[in-house]
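Nothing in this text is a laboratory measurement; each read-out follows from the coordinates by a stated rule. Just so it is clear, the structure is predicted and the values come from calculations on it, not from any experiment. Counting neighbours? That spans all protein chains shown, and the Cβs are built from the backbone with ideal geometry, glycine included.
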Amino acid sequence: AGRGRGDGCRRSSRGRRPRLRGVDPSLRAAPGLLRRPALSRGRRGAAADAEREGAEVRAARARRHRQDLGPRGRRRRRPPVSAFAGEPSAGEWLRRLAGGDVSSRELAQRCLDRLESANSRVNAVTHVDPDRVLADAAEADRARAVGADGALLGLPVTVKDSIAVAGAPRRCGSFARADDVPTEDATTVARARAAGAVVLAKTTTPEYMWSYETESALHGRTLNPLDAARTSGGSSGGEGALIGAGASPLGLGTDGGGSIRVPSHYCGIVGHRPSARLVPETGVWPSTRETGFVDMSTIGPMGRSVADVALLLGLIVGGDDTDPFVAPFVLPDFRTIDVQGLRIGFYDADGAWPPTDGTRATVRRAVEALEEAGAAVAETVPPPLEEANEIFFRMMAADGGARARADLAAAGGRHVAQLDWLLGDLAQYELSISDYFAMVERWAAFRSRMQRFVAGFDVVVAPVTPGPAPLHGCRPGDDEPGETYLPWVNLMAYSIGGLPVTVVPVASERGLPLGVQVIARPFHDHVALAAASAIEEATGGYAAVTVPLLESRQKEER
C-alpha cells in the first residue's frame, strides 16, 4: 500500500491527456475507431482484427495529432464533451419517441455523432458498429409503426465490455482475450433488446476489471468527462464517462467491489448495484458463479436519473433458466414507497480512510433532504469495515495469483504496470484448502453482520469514496500517488453483504461531483431507489450537480 506510480499526482495537468505508464501510447482510441467497418464476427479472424485495430488506431492518432496542431505547433482545442451535457434523460427520449417528435433512427444517428465526439475526449469506446446501430433503430421505427410499445423501444444503450453482445469482441482490456467474440447476447442485453433497446456501443474496462482506474494495454486510459487529468473510476469507467458526458442515455455495468458505484460517483451520474442473486450473470466474463463468489458481483444499470436506472433494472431482474442462483422476481415500483416515515441511518466516515470535508457535507445534505421529506434519521456507526478487504483479497487470491499470472502470460507481457504491483501483492494471500474453508466461514459471518446492520433501518446513507475523482494513479481523498485498497472498504463491505445500493449525485467539491450510497436490505432495491429519488428531487441530481460543472469546464476550455 502507498506505492507511488510516478504519474505526478500533485501536478496540475487540467485539460491535458495524461501519459500512460507501461502502455504503448499508440494504443489509445481515436475518433477513427467509430468510422471503421464492422469487425469480423468470426473467432478465427478476431486476432487479426485486434492487430488491424492497433494499426488503425495508430494511424488515426497520427492524423489527429497533425490536425490538432496550430501554425506554431500549438494544440487546438477539440469540441468539449460538455456541449452535450444537457442531453435529455432516457425517460425524456422515450417520451419523445412515443410522441413522434423524433424517430429511432434520428436518435441513433444523434447518439453516434455524440459518441464519436465524446470518445475523442474520454476514450471510452471499445466497439461500435454504426451500420448495425442504424439498422436496429430503423427496425424499431417499423415496429412502432405497427403498434409495438416496448419499454425501451428505439432507445440507444451502451454496454460494458465484459458483458456479452453477440458479434462484438469481449476483451476486457487484454490482448489475451482477442479470440473472445460471443455468439449470443448476455441475458441482460437480450432482455434490453426484447424491450426495444438499440445497442449503441461497448465500453472500456480496466484489464480483467482489477482496478478502480479504467486503463488497459489494449485500449489505453479512460478519462473523466469533467477533468481529463482525473479518473472516471472503474471498472465500469467507460460507462461512467460516456453517460456522464451526455453521450449515452443509459447503460449496463457490473459491480463486484464498487465497479458501478465508483464511476457513477466520479462522473456525477446515477448507478445501482442490485441485490445479490437478483440479476442473471449469464454472458458475463469473468463470472463469479464459476469461482463461488455468488453474492459478490452483479450486473446493474447506470444512467442520468433514478427513474431511468429503475426502468432498466426492472427489465433485467429475475431468473433465466441458466443462472441457477437467480429465482423469478418482479421488482416493485419504487414510486409506491412513501419516504415519509422511513427509518434512515447514516454515517459520514467509515473509520478506515479520512473523508474530505465535502464528502461529510454531502452525506449530511442527502440526509437533510430525506428528513425534510418526512423520514426519521439517526446517525449510526457501521461495523468495522476493514475486514472486508482482507476477506475479499484472500478469497480472490487463494491460489496466490497463479491463474492471473497465466492470463497475463497469454497476453505476451502486454499489460499495464499496475498489474505487476497487484500480482506481487496477491502472492502473500495464497491459502491452503483448510484455510480457504475457514475464510469462507469468515465471509459468511461478515455478510450476516452487514445485513444485520442495515436491517436496523430501511436504508443507510453513506459516502461512496473519501472524496471526488482523484488524479490519475492517485488515491481518493488526497490526490497522493499510491496503490492501496483501504479507501474502498466502504464499497467492498456492502458487496460482500450482497446488499442493493444506489449512488446518486448530491453536491460538488473542487469542481467535481460528489454522490452518496443509499443502501437497503436484500431484495429491497426499490426502497433504496425511492430514497435516492427523494434525494435527487431535493438536490437536482445530474441536471443540477453535474451539468453546471460540465458547462463551467467548457467555459474554462474556451
Relative packing of 308-316, 237-245, 514-522, 371-379, which averages over residues the other C-beta atoms within 10 Å, highest first: 237-245, 514-522, 308-316, 371-379
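With the cut-off at 1.5 for a/c, could you classify the stretch 25-557 from its C-alpha gyration tensor as rounded, prolate or oblate? Kindly include the intermediate steps, with their values, before the conclusion.
On the way: a/c = 1.32, a/b = 1.15, b/c = 1.15.
The shape class here is rounded.
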